[in-house]
Every structure is written in structure tokens, then in C-alpha cells.
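Scroll down for the structure; my scribbles are underneath it.
What follows draws every value from the coordinates through simple rules; no lab data is involved. Being a predicted model, the structure only gives us computed values, none of them experimental. Glycine also receives a Cβ, built like all others from the backbone with ideal geometry; neighbour counts cover every protein chain displayed.
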Amino acid sequence: MGIGMDFLLKTFITGFDERVSDKKRLDETVKLPEPETKGGPSIWDCLRERRSIRDYKNQPVSLKELSQILWGSYGVTAREWGYYLKTAPSAGALYPIEIYVASFNVEGLKKGIYHFNPKDMTLKGIFEGDFSKEITHACLGQDFILDSAFSLILTAIPSRTTSKYRERGVRYILMDLGCIIQNIYLSLTALGMGGCIIGAFSDSAMNKIMNLNPEKELVLAVFSAGKVQK
């Protein structure tokens, strides 16, 4: 670790271990509203308008809007040859990426961290509480996260892909991730919302928030999102 990164971690993650060591479990499953799969703005409009946005209104988003974003990002569109096919492609249809929602300001959804199950469009509660400060600290003090309505935490379970494709599977996992990220951007744009992909974070801090063993599953990216300033 370089001197600059070491300084940032000491500056922004003071007391971090204490804050994340005593997380309260959230034992509930939320059924997401049925997403709209037809209509809306054209793909060309969304591509033209897509931007990375860090300035949010600090206003709630609806559960319906969150459902639409999650479906557009990684929703199931068909089942063929025994595989679930989604809005994003995946090498061998193995889908090593998992999406978690850190809810800060979503109507009808408790603050907490949830796992998104695209097969039945549900959110499974994991930890209860507002984790916006902890995620901001893990992301080296990028405080626009504090005004966002939610963050998506994208992880990978590498063995799903590397068990078939070996070392080459690492490249395929990153390809999968990039496709999902673009889907998130376009889904937000279609709803008149905004967001920003975040790659600058402490791996160990984010994995600690999520209680992940990075040898099996690890955080690859964080995506903040919310209502935008017009």
C-alpha cells in the first residue's frame, strides 16, 4: 500500500472497526414491485444523456423505482437450456456477480443492507441500519454518498466462472461487471435519476462491512444513486 493510500485510510476510517463490528441482523425479505418492461425513453436518448452524477437531492426514491433499476441492471429475461438469462450477458451464463442494496432513503424499505435475488425479484435483509457513513469512510471520504438514496454494492464469487474457465475466467468476470455497470447507468437515466460508479475504496473495509471472506466473495465496485439536482 502506498503512503498516500495509507494516509487516506487513517484519515477516513478512524474507529471504523468499532462501528462495523456490532451489526444488527435484518431478518426479512421484501418482494419488489413488478418492473415495467416495455415503453419508456429510447435507448438512444439514454445513451446520449448518461452521465456520472455525484450531486443528489437527498430525497427518497420509491421502492418501485429501485425495483426498476435492479431489474434493468440484472433482471431475469428468460430461462433457456436450464440457465437463467438476464438483462446483462455473462460468460457461460454463469453470472458470478451479486448485487447488494445499501438502503439509506428508499420509501417502504428499512435502512439496511439487502441481497438482491433477480430470480424472484426480492431483497433479502442482511444488516439493519444506516450504513451511509461507513460506506463513505470505506470509499475514502467521498461524501456525496451521504446524500444518495442508496448504494449498490457489486461483488463477485469468482469460483462460479473460474471453475469452468480457469485463469481466463477472471477477465470474463470483469467483462460481466462492466456490462452491469452500464445497465445501472442507463436504468437510472431512463428514470431521470443519476449515479456514479466508485472504484476508489478500501477493499478490506468494504469486505468488512459486508462480512465477506474475500477468498470466496469480494466487493468489486460501489455505485451511489439518487434523485438529481436539476
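Sorting check: for 162-175, 122-135, 52-65, which peptide has the highest mean count of neighbouring beta carbons within 10 Å, and how do the rest follow? Before the final figure, lay out each step's value.
Numbers: 162-175: 14.1, 122-135: 19.1, 52-65: 17.1.
Packing order, densest peptide first, comes out as 122-135, 52-65, 162-175.
If the reach is capped at under 30 angstrom between alpha carbons, list the lysines near LYS230, excluding any in the same chain fewer than eight residues apart.
Partners found: LYS38, LYS57, LYS64, LYS110, LYS111, LYS133.
Between segment 105-131 and segment 147-215, what's the alpha-carbon centroid distance in Å?
17 Å
Under the rule a/c < 1.5 gives rounded, and otherwise a/b versus b/c splits prolate from oblate, where does the chain land using the Cα gyration tensor?
Here the chain falls in the rounded category.
Just want to confirm a number: the relative contact order over the chain, from Cα pairs under 8 angstrom separated by 6+ residues, in percent.
With pairs under 8 Å counted, the relative contact order is 27 percent.
Counting only DSSP beta bridges with both residues in segment 3-227, what percent are antiparallel, rounded to the nearest 5? Present the calculation step by step, with values, prior to reporting the outcome.
Details: 39 of 41 bridges.
If I count the DSSP bridges inside segment 3-227, around 95 percent turn out antiparallel.
Ranking request for peptides 204-217, 75-88, 182-195: highest mean number of other beta-carbon atoms within 10 Å first, then the rest in descending order.
Order by mean packing, descending: 182-195, 204-217, 75-88.
Within the set of other residues whose C-beta is less than 14 Å from the C-beta of THR162, count the net charge using Lys and Arg as +1 and Asp and Glu as -1.
Computed value for this residue: +2.
Tell me what the chain gives for mean residue ellipticity at 222 nm when only DSSP H runs of n ≥ 4 count, each as -39,500 (n - 2.57), the sum divided by the residue total, rounded to 500 deg cm²/dmol.
-10000 deg cm²/dmol
Just how large is the dipole of the chain about the Cα centre, in debye to the nearest 20, putting +1 at every Lys and Arg Cβ and -1 at every Asp and Glu Cβ?
420 debye
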